[in-house]
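Report on the structure given below.
The values are calculated or read from the model by the stated rules, or taken from the named source; none is laboratory data. Note that this is a predicted model, so its numbers are computed, not measured. Here Cβ is always computed from backbone atoms with ideal geometry, including for glycine, and neighbour counts include all displayed protein chains. The accessibility values were calculated without ligands, DNA or RNA, using every heavy atom of the protein model including side chains. Shrake-Rupley method; radii C 1.70, N 1.55, O 1.52, S 1.80 Å.
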Amino acid sequence: MTGDSKGNEANARRVKHPVPLAVCVCCYVLAAIAAMFFLVDRAGALALIALWIVHGVLLIALIRRLGARESSTYAALFVVITSVMSVYVFDLARDDITLQYRGERVTARVVKERLDPAQGRKARHSHYALRRADGSRVPGPEMETTTDLYDVGQALTVIEDPEGELKPRTPGQADATAELLGAGALGLAGIGAVVWMAWRGSDAASRRADRRQSGGVRRAYKSVTGDHATAEEQEEKLREVLRTQPLDRRGYIKVQPEEYPDLSVHRAARIAWEMGLRAEALGNRGSWRFGEKVIEEVPHD
């Protein structure tokens with residue numbers, strides 16, 4: 001057995017059973033998101049960009065192994081974009097999650113308020129100095145809000161950081177539910193793209209198997225029926241069928257490829273395109289279907 005045939009056989013086995021490989025790719029995507037979140041504050045921007053590029057290249061290779069070669073680059077790009085956005089949104093919630101984990105709720109009073117200096121049309125954030133009821137200062141930087149919400153002397157319930165690294169926040173400000181849901185949705189979108197490509201790869205493999213099988217049937221048909229029409233005559237016959245046969249209730253003209261043993265599906269798609277029709281790539285079940293609108297078009301020569 002040659003190297004090419006061994007490679008084709010291995011690829012066929014992978015595509016025939018895509019679920020384990022798809023699960024591995026999904027786990028890899030999740031692991032990459034978790035690793036990038038861990039590195040976002042520890043690595044420089046250039047290092048992160050290089051890692052995302054490597055991640056994208058690996059994704060292209062993995063998605064190609066699922067069998068969907070035509071759209072692998074676009075799918076990998078989509079997964080990388082959603083992964084980057086997921087890491088970014090999750091990073092926005094980092095301080096809130098940390099504060100919720102190690103923070104302590106206290107009652108504090110606003111003792112000083114200041115606004116950011118005016119800078120054109122830029123929004124001016126408000127900053128508040130807080131002290132506890134016993135007069136001690138709330139540890140950490142001043143509390144910050146995007147609008148002027150509180151007045152000097154007003155009592156608030158805030159979550160303070162005992163280590164003094166994070167700004168105190170009210171319980172509402174420290175709620176990271178929206179960010180976590182957003183990051184999770186973006187991660188699931190990337191996983192969904194992998195699942196979709198696994199399905200497309202499996203479907204493409206089925207179509208290739210159907211074409212190989214139908215090729216043998218066409219040769220047998222030509223031998224049994226004694227129909228030795230030339231390729232040009234078969235093309236003219238197909239044009240006549242597409243010109244005269246009415247569309248069925250689903251909007252297709254269905255023909256049997258065995259009747260055109262010397263025509264490839266791509267050549268038939270080209271003939272249909274010349275006559276204002278498109279060749280359907282999905283759900284043919286051994287037939288060729290042509291219509292004005294299709295779900296997925298067969299590429300023509």
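Quick rundown of the values:
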quantity: Filter result (surrounded by 15 or more Cβ atoms within 10 Å (Cβ to Cβ), out of contact with any strand residue (DSSP E or B) (no Cβ under 6 Å at 6 or more places or on another chain) and of a type in the set (A, V, I, L, M, F, W, C)) within segment 93-121; calculated: Ala93
quantity: Within segment 140-153, tally of residues that are out of contact with any Asp or Glu (no Cβ under 9 Å at 6 or more places or on another chain) and crowded, with 16+ Cβ neighbours inside 10 Å; calculated: 1
quantity: Test: Arg124 is among the basic types (Lys, Arg), open to solvent by 70 Å² or more (accessible area, probe 1.4 Å) and either in contact with an Asp or Glu (Cβ under 6 Å, 6 or more places away or on another chain) or in a helix (DSSP H, G or I) (or both); calculated: yes
quantity: Any hit, segment 253-263, residues being at pLDDT 85 or above and surrounded by fewer than 15 Cβ atoms within 10 Å (Cβ to Cβ); calculated: yes
quantity: Qualifying residue in segment 54-67 (condition: among the basic types (Lys, Arg), surrounded by 12 or more Cβ atoms within 10 Å (Cβ to Cβ) and in contact (Cβ under 8 Å) with a residue 40 or more places away in the chain); calculated: yes
quantity: Unmet criterion (only one of (1) open to solvent by less than 50 Å² (accessible area, probe 1.4 Å); (2) aliphatic (A, V, I, L, M); (3) modelled with pLDDT of 85 or more) for Leu247; calculated: (1)
quantity: Failed item, numbered, when Ala47 is tested on (1) of a type outside the set (Val, Ile, Thr); (2) modelled with pLDDT of 85 or more; (3) loosely packed, with under 10 Cβ neighbours inside 10 Å; calculated: (3)
quantity: Conditions (1) among the charged types (D, E, K, R); (2) out of contact with any Asp or Glu (no Cβ under 8 Å at 6 or more places or on another chain); (3) within 30 Å of Leu39 (Cα to Cα): number failed by Arg137; calculated: (3)
quantity: Qualifying residue in segment 91-107 (condition: farther than 27 Å from Gly184 by Cα and in a loop (DSSP other than H, G, I, E, B)); calculated: no
quantity: Criterion: closer than 13 Å to Val87 by Cβ and in a helix (DSSP H, G or I) - qualifying residue of Ala61, Ala43, Ala32, Ala50; calculated: Ala32
quantity: The listed residue being under 15 Å from Glu296 (Cα atoms), in contact with a strand residue (DSSP E or B) (Cβ under 6 Å, 6 or more places away or on another chain) and either without any contact (Cβ under 8 Å) to a residue 60 or more places away in the chain or β-branched (Val, Ile, Thr) (or both), out of Arg278, Arg270; calculated: Arg278
quantity: Candidate set from segment 70-83 (those that are assigned to a helix (DSSP H, G or I) and surrounded by fewer than 20 Cβ atoms within 10 Å (Cβ to Cβ)); member that is farthest from the chain's Cα centre (by Cα); calculated: Thr73
quantity: Pairs with Cβ under 8 Å, 6+ apart, first in segment 79-98 and farther than 12 Å from Val29 by Cα, second open to solvent by less than 10 Å² (accessible area, probe 1.4 Å) and among the acidic types (Asp, Glu); calculated: Thr98/Asp161
quantity: Test result for Glu160, over 18 Å from Val23 (Cα atoms), open to solvent by less than 20 Å² (accessible area, probe 1.4 Å), acidic (Asp, Glu) and without any contact (Cβ under 8 Å) to a residue 60 or more places away in the chain; calculated: yes
